[in-house]
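The values are calculated or read from the model by the stated rules, or taken from the named source; none is laboratory data. Nothing here was measured: the structure is a model prediction, and the numbers come from that model. All Cβ positions, even for glycine, are placed from backbone atoms using ideal geometry, and neighbour counts span all protein chains on display. We work out accessible area using only protein heavy atoms, side chains counted, and drop any ligands, DNA or RNA first. Shrake-Rupley method; radii C 1.70, N 1.55, O 1.52, S 1.80 Å.
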Amino acid sequence: MSSPTENPPREPILTLPRALTALIVVLFGVHVARWALPEASDEWVVWAFGFVPARYDSSLLAERFPGGAGAGIWTFLTYSLLHADLSHIGFNTLWLLPFGSALARRFGAIRFYAFLAVAAIAGAAAHLLTHEHEVAPMIGASAAVSGAMAAAMRFAFGSGSFLSFRRGDAEAAALVPALPLMQALRHPRVLAFLAVWFGINLVFGIGSISIASQATSVAWQAHIGGFLAGLLLFLLFDPVGPAGDQSASDAAAATRD
């Protein structure tokens, strides 16, 4: 009979890692806390912690926007913790479940949170570049979610990974070596995913919401900024290493938290 150490228990593919569970709890917790605020206070929170491109317009008075000078720094990240409604959070969570789970297992908690922060900042920067004088605050975690989706594409279709036809348990699926960027961009399934993702964003738009007007608009440029950051910066965070780098994969598996 095999000992437990020889055949460790296989983690179901749909079990959420603690880092992702904690993130989802925070997103919903922030929204519930806003529910408890008076309407005026909630509006102040959105303006002080949402991302407002016009805040960086030198022709406008800084005092026009809540939060002061500090908001010009922290809102590059804090906007991603705010959502318009439960359906907004739910939609982002839906995409995080497969892609965020795989990435959290692969990176570990610290790298996972740092990576999402970088993707959110990249999304805000892309929104600022394309909406220089926009006064409406942008909120939503969609740029960070887009970054997670792009990063997962680097290893998702490898043999045994979570989107492959022959996947293993959750931990093993998350540790499949990544494809080098140029090789990934030639992979037919990656190309198909990219075409669908960019098509959806350019035609319909998903996720982040501008709430200053009655007509909801979608900050699709922020999604693309987060997505490109995730695709291009993935290897800076990846502890496993690219395909063919077995020593890096072994070291990552041995030191994961």
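Observations, loosely collected:
- Residue in segment 162-174 that is open to solvent by 60 Å² or more (accessible area, probe 1.4 Å), outside any loop (DSSP other than H, G, I, E, B), farther than 24 Å from HIS127 by Cβ and at pLDDT 85 or above present: no
- Against the conditions (1) buried (at least 20 other Cβ atoms within 10 Å of the Cβ); (2) free of Cβ contacts under 8 Å to residues at least 40 places away in the same chain, TRP74 satisfies every one except (1).
- Residue match in segment 77-94 (condition: under 15 Å from the mean Cα position of the chain (by Cα) and within 18 Å of ASP57 (Cβ to Cβ)): yes
- Subset of segment 99-119 [among the small types (Gly, Ala, Ser) and open to solvent by 10 Å² or more (accessible area, probe 1.4 Å)]: ALA109, ALA114, ALA117
- Checked against the criterion of being more than 16 Å from HIS133 (Cα to Cα), in contact with a helix residue (DSSP H, G or I) (Cβ under 7 Å, 6 or more places away or on another chain) and small (Gly, Ala, Ser), segment 36-56 contains one or more residues that satisfy it.
- Listed by position, the helices (runs of 4 or more DSSP H) contained in segment 24-118 that have at least 2 residues being among the acidic types (Asp, Glu) are 39-49.
- Filter result for the condition that a residue is hydrophobic (A, V, I, L, M, F, W, C), at pLDDT 75 or above and under 18 Å from the mean Cα position of the chain (by Cα), over LEU228, LEU185, LEU181, LEU191: LEU228
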